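Everything on this sheet refers to the single structure shown next.
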Amino acid sequence: MKNIFISLFFFVGINSFAQEAGSVGELLKNEASKTEMQSPKSGNNRNNNSNNSGFRNPNKQPDMGRNPNYQWNQRNGYAEVFLRIPEYGFFTVELGDQSISNSSGKYRFFDLQSGRIPIAIYNDGFLVYRTTLMVQNNNRLVLDFFTNKGLFLLDSYPVKNQSYGFNDWDDVWNNFYGNPSGNYFNVMDDNTFRQFFEMLNKNAKFDDNRLSLINQQMRSSMFTSKQVYELVKLMSFDKNKLQLAKSMYSRCVDKDRYFIVYDAFDFESSRRDLSEFITKTR
């Protein structure tokens, strides 16, 4: 099975708008064969107590006395994987020797050893995706899965402690897709944006310098339409405003409100040019 190497990135989850499927994260290759995907998983259905609820099968007799010497060994480290499937359906996620089945779309795995761990995803008993994760000690991988797009690694976070509240799940991700009250990774909060805006005003007196600093910031940050409007309006010339508005469109988290940016232009021809650009981009 092909190795997948995961680079660690540390982003700040900031309140803004929800992502679109596949717009964020590193797509992990599906290694499940067509034959496997066309065959249902044996014993995997939503009425099976041993798969759905985590309870042991009461009809199976335990192997008593086979391992009388118990050992607790944490030398291999501690890691976590959080996976979300924002779709209707009953899914089973197998990660190493752990398995979770439900229709809630939330799958949290704890007490994982660091290293390469296989992950398989089943929909109503049929294998739909399989790949390998590289988990590291004291880190939590955060992933999203879409049946029509694949498995995306969103980020990796250091595990500061192992005590979680009920709200920690939604704090890790942006909220439900399409919900404008959700979070989006790496969006500038208002305070940080204000500092960035003031820095531009103070240190960049010309459009070229401003464009250079904004382009540099776009490599690591996302923006709202309102923030884009303020940055575009800061430009002195319409040609530079248009250039910036076009380049920032892909880094905007609420593209449905991008019409706000039109008011930053002085000329109608620039508004029309941006409108045509957006139409072609969609």
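The values are calculated or read from the model by the stated rules, or taken from the named source; none is laboratory data. Remember, predicted model here, so these are calculated numbers, not experimental data. Cβ sites come from the backbone with ideal geometry, for glycine too, and all protein chains shown count toward neighbours. Remember, those area values only see protein heavy atoms, side chains included, never the ligands or the DNA or RNA. Shrake-Rupley method; radii C 1.70, N 1.55, O 1.52, S 1.80 Å.
Below is a table of values for the structure above.
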read-out: Criterion: touching a helix residue (DSSP H, G or I) at 6+ places or on another chain (Cβ under 9 Å), crowded, with 20+ Cβ neighbours inside 10 Å and aliphatic (A, V, I, L, M) - qualifying residue of LEU141, LEU127; value: LEU127
read-out: Where GLU198 falls short, out of the listed (1) open to solvent by 20 Å² or more (accessible area, probe 1.4 Å); (2) over 22 Å from VAL187 (Cα atoms); value: (2)
read-out: Among (1) of a type in the set (Lys, Arg); (2) outside any loop (DSSP other than H, G, I, E, B); (3) exposed (fewer than 12 other Cβ atoms within 10 Å of the Cβ), the one test that LYS226 misses; value: (3)
